[in-house]
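S.K.: Structure provided below as structure tokens; questions to follow.
The values are calculated or read from the model by the stated rules, or taken from the named source; none is laboratory data. All values reported here derive from a predicted model rather than from experimental measurement. Because the Cβ atoms are built from the backbone with ideal geometry, glycine has one as well, and the counts that use them run over all protein chains shown. For the accessible areas, the whole protein counts, side chains as well, though only heavy atoms, and no ligand, DNA or RNA atoms are used. Shrake-Rupley method; radii C 1.70, N 1.55, O 1.52, S 1.80 Å.
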Amino acid sequence: MSYLDELNAQQKEAVTTTEGPVLVIAGAGSGKTRVIEYRVAHLLKQGVSPRSILLLTFTRKAAGEMLRRASRHDASAEHVDGGTFHSFAFKMLRRYGERIGLSGSLSVLDEGDAEEAVHRSAASLGLYDPVNPAKAGRGTSKEGRFPKKDTLRSVISASLNKGLDISSILMKDYPHFLHLADDIARVGKRYAAYKREKGYMDYDDLLLFLRELLMDKETLAQLSEQYRYVMVDEYQDTNVLQGDIAYLLGKKNQNVMAVGDDAQSIYGFRGATHENIMNFPKRFPNTTIIKLEENYRSTQEILNVANAVLSDMDNKYAKKLHSAKKEGGGRPHFVCFEQPYREAEWIARKIKEFYDEGVSLSRQAVLFRSSHVSIPLQAELAKRIIPFQVFGGVKFYETAHAKDVMAHLKILLNPRDELAWNRVLMLIPGIGPKTGGRLIAEIIRSVSEGRSPAGVLSSYAKQSRDGREIEKLASFLEASFGKPLPPSEQFALAFSYYEPLLWERFDDWHKRLNDLQTLQQVSSRYASLQEFLGDFVIEPPSFHQAGMLSRPEERPLTLSTIHSAKGLEWDVVFFLGLSEGVLPSNFSMNREDEIEEERRLFYVGVTRAKRNLYLLANFGAGRGGEGAREPSRFVTSSRVLLELNQFGLSPSSYRDSEDEDEESVEYDDDGIGAVRKRKIKD
């Protein structure tokens, strides 16, 4: 049992309390990953079969890392069932889906294809012009157009994940479309029917159908017998469906451990509900609540700010973080500027100063609530040739070139996939929606009769005035369709066919080429195309952009939204945009629960810093040219201000002190109001 000696008292309690429901409130930087790692190892050392343990996380990487580390203590940990809610759902539905009327072959839609399916559903109801999707099918000019397909998909998805009706979602997120609630609800029903007809599932269906499956008594009894110990990581980020799934899986045995931090519940826009973690003890009576409050990341001075933020929170589990670090640090700074560009100059100079002192760029980060506030800084960093990467934008798997290649692989796996066929055919010059629709119908009819789709395309190519491009597609299918090739070879054939299209389609094809080459390497790890496509759609991999520096000391500076930074840490953190209307966001001003989520975002940003923390605001005009911003209420809270060094910089003092400590205007006892009264001048 000596391995338990590596844990503090609270961690040890969480690891060894294996019977009954347990809620671990893991404060920022408190070692929750270690707790899960050691708890898996402890269960195994107590004689629990690894196949009786289920670990649900939000990324496969997280589950793999925890189980890999647990394997250092007990090699059988590699047989523990670990993964995301969605991957677990996919596996269970493949195994037992027929019990709730699902066919054996499951085709999962990615977000782009789901949006296209929603669009087709709306068009079939006469709500869209099928030729001109931008043209409204309903409403007058006063009412406005019908929502676009991505908005429709978002509203329908939010309704399912949050367990609310369409009107409730529209009232909160799209009030200008509230008068269309009935029509959008009709689209949702038609979309559900369309998926059933075509054998499709989307992300939401995976969870929805898993919950339905778990409500089948026979299936629930089987899974309860198999999984006697259930652990859920990042429980504060679960949505209504995931909360129900965790409850059903743990209902019989009661051996459920949920790990999370209510103060880091920041994904409400994705459907996550703060109430799941708050209501866990109500769903599981006799829950043991264990709080991890020793922080292994930050100095006590930074944690003092974090604790002040926690004190301001409502609806919380009370906790107070204390640092495991013996050495202290300086108090975090709150710095105000008159203009964004002055702020950008100052940050760029401080980054360079830290770099010169031995703090590499990869150990520094700039965080923000909304990416638009980082634009002046990005320009300044580029001017000073300081390399940086931005997180929080479009992910690789959402890019057009990745989706194009995957569509070609999808038609090899499921030649009846009309959405994939549509994407493939629309890449070919001269083929429009009308011709494409006729070809797709003929291809699906041909496949139903047991013939290859290549023949349909070859016949069309011979009749067409310029059928060379169609013939190339037919040749690709002839070489790959129905052949027992490994995924890497199927990918290579698709890649070879698509590469000339890549050159024509994108000006930056040379950068995108590297992405696809990397994806081809990933495909070589899979035994079947179904597994590869399933993983890619359900849990898309992350990729570094081409040209990223390879040596650790040469990695660039990170600019990131707070949402993308959660779970990460840096020695030095610059926290941008601490102004009313930015954090908290304008869109949250009228709802107290959303203001509280914005406060939790602030807490997450503060707790990313290990040694140095700079909270930054500028008084420049807000978006749309409105008047000067006020500093964020989260910083000007009296509890928070007491823990900060506060000063404002004037443009003149900045220019006069390029190589010296900046002059500052100290605040009076009443805090930020003093800066407003003193009015910093040039």
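S.K.: Here are some residues: Ala28, Ala62, Ala14. Which one is modelled with pLDDT under 90 and crowded, with 17+ Cβ neighbours inside 10 Å?
M.R.: Checking each option against the conditions leaves just Ala62.
Residues are listed down the side, and each one gets a yes or a no for (1) assigned by the TED database to the domain that holds Arg611; (2) crowded, with 20+ Cβ neighbours inside 10 Å; (3) at pLDDT below 90; (4) touching a strand residue (DSSP E or B) at 6+ places or on another chain (Cβ under 6 Å):
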position: Met278; (1), (2), (3), (4): no, no, no, no
position: Val305; (1), (2), (3), (4): no, yes, no, no
position: Gly330; (1), (2), (3), (4): yes, no, yes, no
position: Gln364; (1), (2), (3), (4): yes, yes, no, yes
position: Leu367; (1), (2), (3), (4): yes, yes, no, yes
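S.K.: Do you know which residues across segment 312-362 are closer than 22 Å to Thr636 by Cβ and assigned to a helix (DSSP H, G or I)?
M.R.: Within segment 312-362, Asp312, Pro340, Arg342, Glu343, Trp346, Ile347 qualify.
S.K.: Looking at (1) surrounded by fewer than 18 Cβ atoms within 10 Å (Cβ to Cβ); (2) outside the structural domain of Arg369 (by the TED database); (3) under 37 Å from the mean Cα position of the chain (by Cα), can you tell me which one His408 breaks?
M.R.: (1)
S.K.: Looking only at segment 552-590, how many residues end up being within 15 Å of Ser265 (Cβ to Cβ) and open to solvent by 10 Å² or more (accessible area, probe 1.4 Å)?
M.R.: Of the residues in that region, 3 qualify.
S.K.: Another one. Is there a residue being part of a loop (DSSP other than H, G, I, E, B), at pLDDT 85 or above and under 30 Å from Ala344 (Cα atoms) anywhere in segment 541-564? Talk me through it step by step, then tell me what you get.
M.R.: Within segment 541-564, the first condition is being part of a loop (DSSP other than H, G, I, E, B), and the residues that meet it are 541-551, 555-556.
Those still in the list that are at pLDDT 85 or above too: 556.
Pick out the ones that are also under 30 Å from Ala344 (Cα atoms) and you get 556.
Scanning segment 541-564, I find at least one residue that is part of a loop (DSSP other than H, G, I, E, B), at pLDDT 85 or above and under 30 Å from Ala344 (Cα atoms), so the answer is yes.
S.K.: Pairs only if they're at least six apart or on different chains, beta carbon under 7 angstrom, first in segment 587-602 and within 18 Å of Lys566 (Cβ to Cβ), second basic (Lys, Arg); list them, first residue then second.
M.R.: Leu601/Arg369
Rundown of residues vs (1) open to solvent by less than 10 Å² (accessible area, probe 1.4 Å); (2) in contact with a strand residue (DSSP E or B) (Cβ under 6 Å, 6 or more places away or on another chain), yes/no style:
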position	(1), (2)
Leu178	no, no
Arg196	no, no
Leu208	no, no
Leu213	yes, no
Ser224	yes, no
Leu241	yes, no
Gly250	yes, yes
Ile266	yes, no
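S.K.: Is it the case that Arg270 is open to solvent by 10 Å² or more (accessible area, probe 1.4 Å), within 30 Å of Gly330 (Cβ to Cβ) and in contact (Cβ under 8 Å) with a residue 40 or more places away in the chain? Spell out the reasoning first.
M.R.: Details: open to solvent by 10 Å² or more (accessible area, probe 1.4 Å): yes; within 30 Å of Gly330 (Cβ to Cβ): no; in contact (Cβ under 8 Å) with a residue 40 or more places away in the chain: yes.
Against the criterion (open to solvent by 10 Å² or more (accessible area, probe 1.4 Å), within 30 Å of Gly330 (Cβ to Cβ) and in contact (Cβ under 8 Å) with a residue 40 or more places away in the chain), Arg270 does not qualify.
S.K.: Collect the residues in segment 460-488 that are polar (S, T, N, Q), assigned to a helix (DSSP H, G or I) and in contact with a helix residue (DSSP H, G or I) (Cβ under 9 Å, 6 or more places away or on another chain), keeping them in residue-number order. Spell out how you get there, then give the answer.
M.R.: Let us first name the residues in segment 460-488 that are polar (S, T, N, Q), namely 463-464, 475, 480, 488.
Add one more test, that the residue is assigned to a helix (DSSP H, G or I), and what stays is 463, 475, 480, 488.
Residues satisfying the conditions are Ser475, Ser480, Ser488.
S.K.: Which one of Gly268, Gly188, Gly250 is small (Gly, Ala, Ser), under 15 Å from Leu160 (Cα atoms) and modelled with pLDDT of 90 or more?
M.R.: Gly188
S.K.: I'm told Ser650 meets every condition in (1) open to solvent by 10 Å² or more (accessible area, probe 1.4 Å); (2) of a type outside the set (D, E, K, R); (3) modelled with pLDDT under 50; (4) over 16 Å from Arg331 (Cα atoms) except one. Can you identify the failing condition by its number?
M.R.: Condition (3) is where Ser650 drops out.
S.K.: List pairs: first residue in segment 226-243 and in the same structural domain as Asn279 (by the TED database), second residue aromatic (Phe, Trp, Tyr) and assigned to a loop (DSSP other than H, G, I, E, B) anywhere in the structure, Cβ distance under 8 angstrom, at least six positions apart or on different chains.
M.R.: Close Cβ pairs satisfying both conditions: Asp233/Phe58; Glu234/Phe58; Asp237/Phe58; Asp237/Tyr267.
S.K.: Being among the small types (Gly, Ala, Ser), touching a helix residue (DSSP H, G or I) at 6+ places or on another chain (Cβ under 6 Å) and part of a helix (DSSP H, G or I) is the filter here; which residues of segment 1-58 pass it?
M.R.: Across segment 1-58, the qualifying residues are Ala14, Ala41.
S.K.: Then there is this: Based on this model, can you work out whether Leu44 counts as touching a residue at least 24 places away in the same chain (Cβ under 8 Å), surrounded by fewer than 23 Cβ atoms within 10 Å (Cβ to Cβ), in contact with a Gly (Cβ under 8 Å, 6 or more places away or on another chain) and in the same structural domain as Met215 (by the TED database)?
M.R.: The answer is no for Leu44.
S.K.: If you don't mind, there's one more thing I want to ask. Would you pick out the residues in segment 47-59 that are of a type outside the set (S, T, N, Q), touching a residue at least 24 places away in the same chain (Cβ under 8 Å) and open to solvent by 10 Å² or more (accessible area, probe 1.4 Å)?
M.R.: Pass one, segment 47-59, residues of a type outside the set (S, T, N, Q): 47-48, 50-51, 53-56, 58.
With the extra rule that they be touching a residue at least 24 places away in the same chain (Cβ under 8 Å), the set shrinks to 48, 50-51, 53-56, 58.
Selection gives Val48, Pro50, Arg51, Phe58.
S.K.: For the structure I just gave you, tell me whether Arg525 is at pLDDT 85 or above and of a type in the set (D, E, K, R). Please lay out each step first, then the result.
M.R.: Values: at pLDDT 85 or above: no; of a type in the set (D, E, K, R): yes.
The answer is no for Arg525.
S.K.: Scan segment 1-11 for residues that are among the hydroxyl-bearing types (Ser, Thr, Tyr) and open to solvent by 50 Å² or more (accessible area, probe 1.4 Å) and report the count. Spell out how you get there, then give the answer.
M.R.: Taking segment 1-11 as the starting set, the residues that turn out to be among the hydroxyl-bearing types (Ser, Thr, Tyr) are 2-3.
Imposing the further condition that a residue be open to solvent by 50 Å² or more (accessible area, probe 1.4 Å) reduces the set to 2.
Within segment 1-11, residues that are among the hydroxyl-bearing types (Ser, Thr, Tyr) and open to solvent by 50 Å² or more (accessible area, probe 1.4 Å) number 1.
S.K.: Kindly check whether there is at least one residue in segment 151-164 that is of a type outside the set (Lys, Arg) and part of a loop (DSSP other than H, G, I, E, B). Spell out the reasoning first.
M.R.: Of all residues in segment 151-164, those of a type outside the set (Lys, Arg) come to 151-152, 154-161, 163-164.
Next, from what is left, pick out any that are part of a loop (DSSP other than H, G, I, E, B): 163-164.
So far as segment 151-164 goes, yes, one or more of its residues are of a type outside the set (Lys, Arg) and part of a loop (DSSP other than H, G, I, E, B).
S.K.: Out of curiosity, is Met231 buried (at least 23 other Cβ atoms within 10 Å of the Cβ), assigned to a strand (DSSP E or B), hydrophobic (A, V, I, L, M, F, W, C) and over 22 Å from the mean Cα position of the chain (by Cα)?
M.R.: Numbers: buried (at least 23 other Cβ atoms within 10 Å of the Cβ): yes; assigned to a strand (DSSP E or B): yes; hydrophobic (A, V, I, L, M, F, W, C): yes; over 22 Å from the mean Cα position of the chain (by Cα): no.
Here the answer is no, as Met231 does not meet what is asked.
S.K.: Since Phe337 meets every condition but one in (1) in the same structural domain as Glu234 (by the TED database); (2) more than 18 Å from Glu569 (Cα to Cα), which condition does it not meet?
M.R.: (1)
S.K.: Could you check how many residues of segment 262-291 are within 25 Å of the chain's Cα centre (by Cα) and not in a helix (DSSP H, G or I)?
M.R.: The initial filter retains those residues of segment 262-291 that are within 25 Å of the chain's Cα centre (by Cα), namely 262-280.
Narrowing the set further to residues that are not in a helix (DSSP H, G or I) leaves 265-267, 271-274.
Count: 7.
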